[in-house]
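I have placed the structure first, in the form of structure tokens, so that the comments after it can refer back to it.
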Amino acid sequence: GVPPIKVLMPALSPTMEEGNIVKWLKKEGETVSAGDALCEIETDKAVVTMESSDDGILAKILVEEGSKNVRLGSLIGLLVEEGQDWKAVEIPADAGDPSSLAPSATALTSAPAGPSVATLPKPEHHSGKLQIRLSPAARNILETHGLDPSNITPTGPRGIFTKEDALKLLQEKQKGKPSEVKPVVSTPPPQPAAVPSAPPATSGTSAYPRPAIPPLSTPGKPPPPGAFTEIPASNIRRVIAKRLTESKTTIPHAYATADCDIDAILKLRKELAKDDIKVSVNDFIIKATAVTLKQLPDVNVTWGGEGPRQLHSIDISIAVATDRGLITPVIKDVAAKGIQEIAASAKALAKKARDGKLLPEEYQGGSFSISNLGMFGINDFIAVINPPQACILAVGRARPELKIVEDEEGNEKLKQHQLMTVTLSSDGRVVDDELASKFLETLKANIENPMRLALC
């Protein structure tokens, strides 16, 4: 065969451990040049286009579109040099069966051929077969060592194949002992009204026993007790869950709140709109935050494990909600930018985030985060810190309130003001309560007097 040029799953973000093949942009037999887009890969942050680092012909796609959880360094395709017969490409011995990474419909319905099986299809409901539900840890062990989960009876609740089951199966394989084969019994599909009895409890009794296998729902009828729908989590969702858990369990959060009068900002926006300069209140908040960080550089820090690191550039992460989860693109060097430039950057980054087209350098880093839910009608809320950053600012909506003011003659009267609540979540290890209070006091002054933003 023709010697191949290997195409491996790359690391497209610092925290990426695996990725999903969304779409191949080249077909087998097409000429590829260095820098050409090969395929789209969903990382833990966004959908990123993978570029070819070699010239040649795409000879073989080993991992098809839609493949999930492809580990870093896995072989996903083969190239050959130009002029060579791409159909005669030599498939390396370490190239696994594509079905092991992208289970097809045939793989889901076929029985295992032997004791060592690399394909682990996701559990689906097929009539006449008993399905096996795997825990994430068990799935990883089985995929790594090529084990067949049907060779042992699951011991987890509701028939889940647990990590302990996988380790037991691996130990028996290493000892060369035959495992207890679990027979596949062809039975008619369970009736919606019938709830299977729970497996015998090993320790203690439960007042609310769960069925070994959840009953199936029937269209047009109320779902039976215990029925549910498995929702596959994207890479982004899994990383969000991991990061939020890490943040709330390892960072001592402290909170402080202030109300800001944004009448001056609203008036200035109207003046700018007359000159066809369109900026939002959030753009002013981003600029005011950057100016405040410049005035109080002790807040522009991250936690480096051993201690705080003061950053020299003020890069603001803005939270953007997408269909795949929350992502925080970064506006670089905000203190040196004008309001109009900030508005253009924020709009462009938000669109790329929703389209899943952010580049790694557009969402990595950041020294301070801002999350604004005012457009959803939220008065105030508390945000979770985005590690390793030390602070995040939660911004609520503008709301009218009456306030007693004095006119030029010293007479008191009621006047309506537009107030906005901002809440600072800070890392108590690097930003103490006094510094957080000083930050909010300075930020409030900068928001209520937008002319100060031009002085820094």
Can you list residues whose amide H is under 5 Å from E90's amide H, if they're 5+ apart or on another chain and H is modeled 1.01 Å from N? V2
Can you tell me, using C-alpha contacts under 8 Å and at least 6 residues apart, the relative contact order of the stretch 239-454 as a whole percent? 30 percent
Mean 1/r over distinct Cα pairs of the stretch 251-290, inverted to a Kirkwood Rh in Å, yields 12.0 Å
Equivalent-ellipsoid semi-axes (√(5λ), Cα gyration tensor) for the stretch 220-307, whole Å, largest first? 40, 27, 14
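At 0.692 mPa s and 37 °C, plugging the Kirkwood radius over alpha-carbon pairs of the stretch 256-340 into Stokes-Einstein gives what diffusion coefficient in µm²/s? The partial results should precede the final answer.
Values: Rh = 15.0 Å.
Diffusion coefficient, whole number: 219 µm²/s.
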Ranking by accessible area, most exposed first, for E18, E408 with a 1.4 Å probe: E408, E18
If you place +1 on the Cβ of every Lys and Arg, -1 on the Cβ of every Asp and Glu, and leave all else neutral, what size is the dipole of the stretch 5-80 about its Cα centre, to the nearest 20 Debye? 140 debye
Given the convex hull of the Cα atoms of the stretch 368-456, what is a quarter of its surface area in nm²? 7.8 nm²
Trypsin sites (Lys or Arg not before Pro) in the stretch 298-372 lying in a DSSP loop, each with at most 16 other Cβ atoms within 10 Å of its Cβ, come to K332, K357
Where E409, E143 fall by accessible area, highest first, once all protein chains stay in place (1.4 Å): E409, E143
Can you run phi through the Karplus equation (6.51, -1.76, 1.60; θ = phi - 60°) for the stretch 343-352 and list ³J(HN,Hα) in whole Hz, with x for Gly and Pro? 4, 5, 5, 4, 5, 5, 5, 5, 5, 5
I need the phi-derived Karplus couplings for the stretch 22-34: 6.51 cos²θ - 1.76 cosθ + 1.60, θ = phi - 60°, integer Hz, Gly and Pro marked x. 7, 7, 8, 8, 10, 9, 4, x, 7, 6, 10, 10, 4
Would you mind telling me the antiparallel percentage of the DSSP bridges in the stretch 239-454, rounded to 5? 80 percent
The set of residues whose placed amide H lies less than 5 Å from the amide H of K60, leaving out same-chain residues fewer than 5 positions away, is L78
Computed on Cα atoms, Rg of the stretch 239-454 relative to 2.2 N^0.38 Å comes out at 1.04
Rg [Å, one decimal], Dmax [Å, integer] - the stretch 5-80, C-alpha atoms: 11.3, 33
Quick one: 3J(HN,Hα) in Hz for the stretch 423-440, Karplus 6.51/-1.76/1.60 with θ = phi - 60°, rounded, Gly and Pro as x. 10, 9, 9, 10, 7, x, 6, 10, 10, 7, 4, 5, 5, 5, 5, 5, 4, 5
Would you pull out the residues with amide H under 5 Å of L134's amide H, same chain only if 5 or more places away, H placed 1.01 Å from N? F161
Mean Cα-pair separation over length for the stretch 5-80, i.e. relative contact order, pairs under 8 Å, 6 or more apart, %: 41 percent
If you restrict to DSSP beta bridges whose two residues both lie in the stretch 1-103, what percentage is antiparallel, to the nearest 5? 95 percent
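The values are calculated or read from the model by the stated rules, or taken from the named source; none is laboratory data. Model, not experiment: these values are computed from the prediction. As a convention, Cβ positions derive from the backbone with ideal geometry for all residues, glycine included, and neighbour counts pool all protein chains shown. Each accessible area value is taken on the protein alone, full model and side chains, heavy atoms only, with ligands, DNA and RNA left out. Shrake-Rupley method; radii C 1.70, N 1.55, O 1.52, S 1.80 Å.
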